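Novice: Take this structure first; my questions come after.
Nothing in this text is a laboratory measurement; each read-out follows from the coordinates by a stated rule. What you are looking at is a predicted structure, and each value in this text was computed from that prediction instead of being measured. Here Cβ is always computed from backbone atoms with ideal geometry, including for glycine, and neighbour counts include all displayed protein chains.
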């Protein structure tokens with residue numbers, strides 16, 4: 001088991017990474033500080049891992065503590081269900097089981113479950129503890145770390161939410177064995193993102209090791225999960241609430257979120273939309289003279305090797321621009337974008353040519 005610490009000053013918590021962690025009662029005892037636990041999961045993950053985790057949590061009494069109640073709330077699967085209604089179901093379950101401030105919410109699943117469960121925990125009785133137990137690669141390398149919680153609105157992605165840091169992130173790498181290939185590839189998009197904006201050595205490593213990752217080599221997967229979490233922990237520690245530096249982790253997301261909203265969160269997985277968005281952002285970066293064609297072509301090549309989409313849906317340039325105005329990086333009416341200065345270094349800026357952005361949107365969306 002590897003352990004990475006996240007420290008944002010007011011909150012410090014571990015990310016535990018390794019096989020068999022859902023059965024590790026010692027680890028669960030150390031991390032689950034609530035006496036009562038509500039496990040929030042979805043209809044896909046529940047048949048696979050809910051019983052195992054419930055059993056481990058119910059047996060905490062054998063590990064130096066009094067066992068409390070363990071209940072569950074099973075949500076429908078999919079990004080289109082990441083709504084206030086779903087969050088309300090979690091609140092309803094907490095109330096129905098008469099859980100108090102010493103309870104904890106445990107998110108067992110992918111990014112959607114983690115965001116909903118974390119947001120519910122941030123609101124219930126003005127905030128209770130929660131833990132992330134991510135079961136998808138995307139959640140393991142990105143969304144489970146850093147305390148962003150929330151739900152979507154018909155007008156845009158993640159418009160309703162809160163920053164609420166977890167008590168711990170428990171990443172059982174064995175759960176990737178049941179992850180569909182498409183979901184695995186979608187998770188790799190976020191790993192590629194880290195290479196693009198922060199770590200050129202990771203980008204180079206990925207370029208040569210994608211076959212091992214796609215074949216689910218345990219060592220290769222453990223490496224990218226740990227390295228991604230190290231990067232995310234460093235960025236979050238420096239800028240928890242995304243005032244400046246943390247926004248670079250949204251590379252590709254402004255365009256990607258517009259794609260997801262325009263297609264009703266039903267056509268693309270989040271990582272697929274981000275992959276397309278990263279290439280669009282790279283295209284704009286090239287138009288602005290920040291990177292050359294070779295850098296953009298390297299990015300397209302690695303996305304192709306990962307089996308990720310690179311062509312945007314033809315939703316119309318005007319529609320894409322409209323949806324992008326709801327991005328959370330908009331300040332004083334100005335849309336800030338994450339652009340590449342080179343592979344491994346990104347910048348967040350509103351100082352770009354509007355004509356270049358319009359040309360980019362026409363190229364990819366019209």
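Novice: Suppose R0 equals 22 Å; then what is the FRET efficiency for residue 362 and residue 304 from their Cβ-Cβ distance, rounded to the nearest 0.05? Let's see the in-between values first.
Specialist: Working: r = 23 Å, r/R0 = 1.06.
The formula returns an efficiency of 0.40 here.
Novice: Counting pairs of alpha carbon atoms under 8 Å apart in space and at least six apart in sequence, what relative contact order in percent does the chain give? Before the final figure, lay out the partial values.
Specialist: Values: 711 pairs, mean separation 56.8, N = 366.
Value for the chain: 16 percent.
Novice: Sticking with this one: With just the Cα atoms defining each centre, how far is the stretch 221-285 from the stretch 81-108? Give it in Å.
Specialist: Cα centroid of the stretch 221-285 versus Cα centroid of the stretch 81-108: 27 Å apart.
Novice: Of the residues 247, 258, 317, which exhibits the maximal mean-square fluctuation in a Gaussian network model of the chain defined by a 10 Å Cα contact cut-off?
Specialist: It is 317.
Novice: While we're looking at this one, here's another question. Using only the alpha-carbon atoms, how far is helix 253-262 inclined from the longest principal axis of the chain? Give it as 0 to 90 degrees, nearest 10.
Specialist: Tilt of helix 253-262: around 80 degrees.
Novice: Right, next: How would the stretch 170-293 be classified by its alpha-carbon gyration tensor: rounded, prolate or oblate, with rounded meaning a/c under 1.5 and the a/b versus b/c comparison settling the rest?
Specialist: Verdict is rounded for the stretch 170-293.
Novice: Hey, what angle do you get for helix 200-214 against the long axis of the chain, alpha-carbon based, 0 to 90 degrees rounded to 10?
Specialist: 60
Novice: With 29 Å as the cut-off, how large is the P(r) tail for the stretch 2-178, expressed as percent of Cα-Cα pairs?
Specialist: On the way: 1625 of 15576 pairs.
Value for the stretch 2-178 (Cα pairs over 29 Å): 10 percent.
Novice: What is the gain in length, in nm to one decimal, between residue 10 and residue 353 on full extension, counting 0.36 nm per residue of separation less the C-alpha to C-alpha distance? Numbers along the way, then the final one.
Specialist: Numbers: separation 343, 0.36 × 343 = 123.48 nm, distance 3.95 nm.
Roughly 119.5 nm would be gained on extension.
Novice: I would also like to ask the following. Does anything in the stretch 19-41 have its amide N under 18 Å from the 7 Å Cα→Cβ label point of residue 58, and if so which residues?
Specialist: Inside the label zone: 22-26, 28-29, 35-41.
Novice: Select from 109, 156, 333 the residue whose mean-square fluctuation is largest in a Gaussian network model of the chain (Cα-Cα springs shorter than 10 Å).
Specialist: Most flexible of the set in this elastic network: 333.
Novice: I'd like the distance between the alpha-carbon centres of the stretch 166-198 and the stretch 317-344, rounded to an integer number of Å.
Specialist: With the stretch 166-198 and the stretch 317-344 each reduced to a Cα centre, they are spaced 25 Å.
Novice: Could you work out the relative contact order of the stretch 2-178? I mean the mean sequence separation of Cα pairs under 8 Å and 6+ apart, divided by the number of residues, in percent.
Specialist: Across the stretch 2-178, relative contact order equals 25 percent.
Novice: Test of understanding: in a Gaussian network model of the chain with alpha carbons linked when under 10 Å, which of 351, 204, 72 would top the mean-square fluctuation ranking?
Specialist: 351
Novice: Turning to a different aspect of this structure: In nanometres, what is the gap between the two model label sites at residue 92 and residue 35, each 7 Å from Cα along Cα-to-Cβ?
Specialist: My value for the distance between the label points is 2.8 nm.
Novice: On to the next question. Grab the beta carbon distance between residue 322 and residue 182, set R0 = 35 Å, and tell me the FRET efficiency rounded to 0.05.
Specialist: On the way: r = 29 Å, r/R0 = 0.82.
Step by step, r from the Cβ atoms, then E = 0.75.
Novice: Give me the distance in nm between label points sitting 7 Å out from Cα along the Cα-to-Cβ direction at residue 160 and residue 174, one decimal.
Specialist: 3.7
Novice: Okay, next question. In degrees from 0 to 90, rounded to the nearest 10, what is the angle of the helix 354-365 Cα long axis to the longest principal axis of the chain?
Specialist: 70
Novice: Further question on the same structure: Ignoring everything except DSSP H segments at least 4 long, calculate the 222 nm mean residue ellipticity for the chain; use -39,500 (n - 2.57) per segment, divide by total residues, nearest 500.
Specialist: Numbers: 12 runs with 155 residues, N = 366.
When only DSSP H runs of four or more count, the value is -13500 deg cm²/dmol.
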